[in-house]
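Student: Please see the structure below; I have some questions.
What follows draws every value from the coordinates through simple rules; no lab data is involved. For clarity, every value in this text was computed on a predicted model and none was experimentally measured. All Cβ positions, even for glycine, are placed from backbone atoms using ideal geometry, and neighbour counts span all protein chains on display.
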Amino acid sequence: MNHLLQVKDLSVDFHTAQGTVHAVRGVTWHLDRGETLAILGESGSGKSVSASAIMNLIDCPPGEIVSGEILFEGRDILKMSEDERRDLNGRRIAMIFQDPLSHLNPVYTVGFQIAEMMTAHGTPKSKARERTMELLKRVGIPDYENKIDTYPHQFSGGQRQRLMIAMALAMKPDILIADEPTTALDVTVQAQILELLEELQAETGMGLLLITHDLGVVAEVADRVVVMNKGEIVESGTATQVYKAPVHPYTKKLIAAVPGEGEMAQPVGGEEPILKIEGLSKAYGAFTALDSATLTVLPRETVAIVGESGSGKSTLAKTILRLEDATGGAAFYEGRDLVTMAPAELFDLRREIQMVFQDPTQSLNPRMSVFDIISEAFVIHPEILPKSEWKSKVRELLDHVGLDASHMHRYPHQFSGGQRQRIAIARALALAPRLIICDEAVSALDVSIQAQVIQLLKRLQDELGLSYLFIAHDLPLVRDFAHRVVVMQGGRIVEQGPVREIFENPKEQYTKDLLAASPHPDPEVQAERRKARMQLEKTA
Amino acid sequence: MTDVSPHNAPSEAPAIADAPPAYVQIARMLWRDKLALCAAIFLFIVVLCALFGPMLLEDVATKQNLRGRNAPPFDFSLHWTMWLGGDALGRPLLARIIVAAQNTMMVAAGAVVCAMIIGTGLGLIAGYSNKAGSQVIMRLADVIMSFPSLLLAVIVLYMLEPAVGNLIIVLAITRIPIYLRTCRAEVLEIRERMFVQAAKVMGASTNRIVFRHILPVVFPTLVTIATLDFAFVMLAESSLSFLGIGIQPPEITWGLMVAQGRSYLTTAWWLSFWPGLAIILTTLSLNLLSNWMRTALDPVQRWRLEIARKKK
Amino acid sequence: MKTFLRKRAVASAFSLIGLVILVFFLSRLTGDPTDLYLPVDASAEARENFREIHGLNDPLLVQFGRYVWDLAHFDFGMSIRRAEPALDAVLRGFAWTLQLAVITMTLVTVMAIIVGSLAAYRVGGVFDRLATFFSLIGASAPDFWIAIVAIVVFSVGLGWVPTSGTGGWEYWILPIAVLFIRPFGLILQVVRGSMISTLSSAYVKTARAKGLKNRPIIFVHALRNAMLPVITVIGDQAAALLNGAVVVETIFGFPGVGKLMIDSILQRDFTVILAAIMVTAFAIFVMNLLIDILYAVLDPRIRY
């Protein structure tokens, strides 16, 4: 049988300074008209490589297509001439990418860039412009007649992805490849973009190849799914099949690691709060980033702050830590106000409150060894520990977070992402704090690594009696971890309560939207949710 | 959820093996780039000449020899110092070039080091202090930048006497803005990085943040610029000497030698050619080394490469 | 845009005032022109007379005040050496220098962009290596040495072009060729580096996925972005040329503003020095403004 697109036994190597990396080995899959195939994998699984091979985007060298064929309508495109492949690109097979801002040329208008897709394939200019208008209208750009002559930086993240989609669909391609199209977007925007893709697929009957790391996205849109690990396909089947009855151990592990399924935590008993925030505000000129936030954190409690980008959740963390000066309100740590505290007193309190940042790649100084990074706490606060004991303490801390203590003289770039975040946690623990603020501490990590780090944080809470202020955008993650949840939007707290109450009985419309938009990994549950979401949209 | 014990974490990705000490890595990287290696060796020889040349060859280089006046090069029957020929007073050119290396190098090195220290210091202050202080420093840099640097040198040297020390001061002043601007721009970027925020959260003092976290990240960039700048200052010094307002005879620099040979261009081209070639080769080596440093020695770059590879 | 222009003008005015003060007093410190212009055995009366005519007897501050007052009326004073207004001499020299600078920079820019872009397209290829190596040599060569060698080879040896002076187009060839080399080497390297990074950027990947041909990818999508850092370097190099290519002008006997400045310093012709500095500083101010406007034209994200 002839498929629309068929990848057969594809192997690609990358020749790097560290030797040859087998990016994909013997990968085989196919895609038909009107269906959606998802390639699911974590970072480094090689999930994007076959798409790059199809689009002729692999640089050779360092890349090398070792074996295999890619059949488009029965013809091997790897054997085609450069000109023939160029003709396929955009006209028959189009692609959209993860980060639309960097994938749109900043110095040309969006109208030019979309029309260029058509003029490059022979459409006359005036007609291309006409069609660009149509496309902008179709993908839902408001005020498109004027926006057509503006530049990418003048659009929001979700709109930019819509522009990319408009560009990709300009020539009515037979296949659309979407590489992590919603990863950088907020959940509510993600839901809209996925919906748009599905509608457009239904209209045009194109085949959709979706590359993603997110089981929820798979459940939402995919007909079939291919699971990749370390350059190989470990499992394939319909989305429901793979979720309900995974065969390969890796798939099982991946599905098990997806958050949002565990037991929800019981509220922590009533002690005196360790942190009490009252009416905390932060304004930058006329813009209010944080609007009188009020909340408390009890000892041994995890309070999650959930919100989309621009909700003010990171500003909240920064003002508590005095990285930014609050413009109003108070934040009492054991009765002492952090906002008005004198520098000397604040210096002592630094030991009690620590922070774990979002991206461990950037929060660790690349020029300091792990030992230097962790022991810096003792340099700054010399009263904690005599110098002779630093080494043993660092060893103990590394052991505590599950790292090999003998690696303490290595540099951060020699560790993987998850390991780096463990180093960052060890650094925070070095001062023996009582409250740790985690700002999107696991969002940059793969799902399975995420689960491990969350486990680590939970264990440390039990052993050391820590409190967490856990800032996140990922609702399912919070569901398994937090005792209480605070929902923020546009700088304001819209709702807060025990985790069970927020998840099972949300009161505010925004919380309901947020819950409805966050995808569930089970395709059947997700189908239900989608119905509920449509309902919600109609009533709203 | 499966029970993921934290102790199996290191299995998630194999860590890279322990790296050899830094100097071994640098040596290996230099070995891999043969052009940069040649440049480094040549510069090493120049530095040796500058350090020991005058001590060993001062007498030979100043001794006049009427029979060797404008002696052509490549006459290997003569003493080796005459192999590149002799000048208008019969002094051996090779010996003079070796001796002149000291003044040439000293002026350039002195000016670059002074400019780098002052510029970096001011840059750190401008980047990490309040707005007003930073504005004053930046305006000052603007004034220096808008001033034709060669002209400034000419005026100052005319006013003071054209000695090595004064030459260094003048050239240093004209180069300060380069370091100042680069340093400030980098500081403004780095101070917003998360590892600086992390240090602040731990209570690190401003001094510690500047000297332990920011300066080490800025430093390689500055050294790379300094290497390039060394070449620039050398050329500027040569130009001044050539115009007759730099170092005065009987002191010698390469630029001065080119100028002195100018009147014999048609009869004895080698008088100007060899010192000029010495300047070219030295600046070329510095440029090559600076290029190599930019790509190979900057761990931030390597760090970025590392991330890029992970994303694939 | 208007506020930006105003801000820039004010900042530049401050720089210019600082410059005038600095040069005025520095130049007075270089010595008394009387000694230079009158014979050694001139009578005390003649000296006194000379000083009186040129106002050199008044206290420095008074001289400065008078100078600024005249300046406010666009009077740059008379040249001490020549019998003409200082500004006339300077503008005449500046016209020569400006022509030289414009021709040279146009050639440099066009050549560097074309060669640099092609070198960046096949990094590590034969063309790239040759271009890189020769640009490095170009950037390393002292212009006075190149000038001398060029005269020896092309004027004296081969007799193709005149050694120095002014006249027909053949007098322009060597100065332009010599001035071309260093900026070309420097700018070529920046173009190449900038092109390499833009060619590996995400939007170039998009352009390839669109099915665009190589030429529009390089010259439409990559080049405009790559030009942004290049413009700064072009500006710096052009400024250096406008300041007067002192050495090259001296060697080739080219009557530009650079040669004029050096001559005036050696002759202690203060009015000419000051006028020359202000004219070139103004020219550089205008050029920097053009560069900033060019930035905004090329990159829509920049709004002043």
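Student: Please state the relative contact order of the range C:86-298 as a whole percent: Cα pairs under 8 Å, 6+ residues apart?
Tutor: Working: 245 pairs, mean separation 65.7, N = 213.
Reported as a whole number, the value is 31 percent.
Student: Now a separate question. Please compute the modelled spin-label separation between B:L160 and A:L101, points set 7 Å along Cα→Cβ, answer in nm with one decimal.
Tutor: 4.9 nm
Student: With a cut-off of at most 14 other beta carbons within 10 Å, and DSSP calling the residue loop, which chymotrypsin sites (Phe, Trp or Tyr not before Pro) in the range A:267-345 qualify? Please list them.
Tutor: Numbers: sites: A:Y284, A:F287, A:F332, A:Y333; in loops: none.
Listed in order of number, the matching sites amount to none.
Student: Using only atoms on other chains, find how many Cβ atoms lie within 10 Å of each Cβ of peptide C:11-17 and report the average.
Tutor: 3
Student: Using a 7 Å offset from the Cα along the Cα-to-Cβ direction at both B:L56 and B:F74, what is the distance between the two label points in nm, to one decimal?
Tutor: Inter-label distance under the simple model: 2.6 nm.
Student: From other protein chains only, count the Cβ atoms within 10 Å of every residue's Cβ in C:199-206, then give the mean. Mind showing how you got there, number by number?
Tutor: Numbers: counts 0, 2, 4, 9, 11, 2, 7, 15.
Taking all residues of C:199-206 together, the mean is 6.
Student: Which links in A:K318/B:K131; A:K125/C:K210; A:K137/A:K172; A:K393/A:K458; A:K313/A:K458; A:K253/A:K313 stretch past 25 Å when you go from one Cα to the other?
Tutor: Numbers: A:K318/B:K131 22 Å; A:K125/C:K210 16 Å; A:K137/A:K172 16 Å; A:K393/A:K458 21 Å; A:K313/A:K458 22 Å; A:K253/A:K313 32 Å.
Check vs 25 Å cut-off fails for A:K253/A:K313.
Student: Something else: So the label point goes 7 Å from the Cα of A:D325 along Cα→C-beta, right? Which residues of the range A:284-312 then have their backbone N under 15 Å from it?
Tutor: A:284-285
Student: Compute the long axis of helix C:126-140 from its Cα atoms, compare it with the longest principal axis of the Cα atoms of chain C, and write down the angle in degrees, 0 to 90, nearest 10.
Tutor: 10 degrees
Student: Here is a further query. Suppose the chain between A:E463 and A:T294 were pulled fully straight at 0.36 nm per residue; how much longer would it get relative to their current alpha carbon spacing?
Tutor: Result for the pair: 58.0 nm of gain on full extension.
Student: To one decimal place, what Kirkwood hydrodynamic radius in Å is obtained for chain C from all pairs of distinct Cα atoms?
Tutor: Values: mean 1/r = 0.0448 Å⁻¹.
Kirkwood hydrodynamic radius for chain C: 22.3 Å.
Student: Can you tell me how much longer the chain between C:N57 and C:L107 gets when fully stretched, taken as 0.36 nm per residue apart minus their C-alpha distance, in nm with one decimal? Could you put the intermediate results ahead of the total?
Tutor: Values: separation 50, 0.36 × 50 = 18.00 nm, distance 4.98 nm.
Length gained between C:N57 and C:L107: 13.0 nm.
Student: Between C:A83 and A:E82, how high is the FRET efficiency from 1/(1 + (r/R0)^6) when r is the Cβ-Cβ distance and R₀ = 56 Å? Nearest 0.05. Walk me through the numbers on the way to the answer.
Tutor: On the way: r = 71 Å, r/R0 = 1.27.
Calculated transfer efficiency: 0.20.
Student: Another question about this same structure. Which value in nm describes the separation of the simple spin-label points at C:W160 and A:E501, placed 7 Å from the Cα toward the beta carbon?
Tutor: 8.9 nm
Student: Just to verify a number: FRET efficiency for A:T188 and C:R301, C-beta to C-beta distance, R0 = 25 Å, to 0.05? Working shown, then result.
Tutor: On the way: r = 27 Å, r/R0 = 1.08.
According to the calculation, E is roughly 0.40.
Student: If Lys and Arg each add +1 and Asp and Glu each add -1, what is the summed charge of the other residues whose beta carbon sits under 12 Å from the beta carbon of C:A240?
Tutor: Values: positive: C:R182; negative: C:D143, C:D236.
In short, -1.
Student: Right, here's the next one. Nearest 10 degrees, 0 to 90: what angle lies between the long axis of helix A:390-400 and the longest principal axis of chain A (Cα atoms)?
Tutor: 50 degrees
Student: Counting alpha carbon pairs within less than 8 Å and at least 6 residues apart, what relative contact order, in whole percent, applies to the range C:176-282? Could you put the intermediate results ahead of the total?
Tutor: Details: 64 pairs, mean separation 23.4, N = 107.
Over the range C:176-282, the number comes to 22 percent.
Student: Over all residues in A:375-382, what is the mean tally of Cβ atoms on other chains that come within 10 Å of each residue's Cβ?
Tutor: Values: counts 0, 7, 4, 0, 4, 6, 3, 0.
Taking all residues of A:375-382 together, the mean is 3.
Student: Lys and Arg at +1, Asp and Glu at -1: add these up for the other residues within a Cβ distance under 12 Å of C:I265 and post the number. Don't jump to the answer; show the numbers that get you there.
Tutor: Values: positive: C:R81, C:K259, C:R268; negative: C:D263, C:D269.
So the environment of C:I265 carries a net charge of +1.
Student: So what's the net charge close to C:P183: Lys and Arg +1, Asp and Glu -1, counting the other residues with Cβ under 14 Å from its Cβ?
Tutor: Values: positive: C:R182; negative: C:D143, C:D236.
Net of charged neighbours comes to -1.
Student: I'd like the trypsin sites (Lys or Arg not before Pro) in the range C:94-202 restricted to DSSP loop residues with at most 11 other Cβ atoms within 10 Å, sorted by number. Could you put the intermediate results ahead of the total?
Tutor: Numbers: sites: C:R122, C:R129, C:R192; in loops: C:R122.
Listed in order of number, the matching sites are C:R122.
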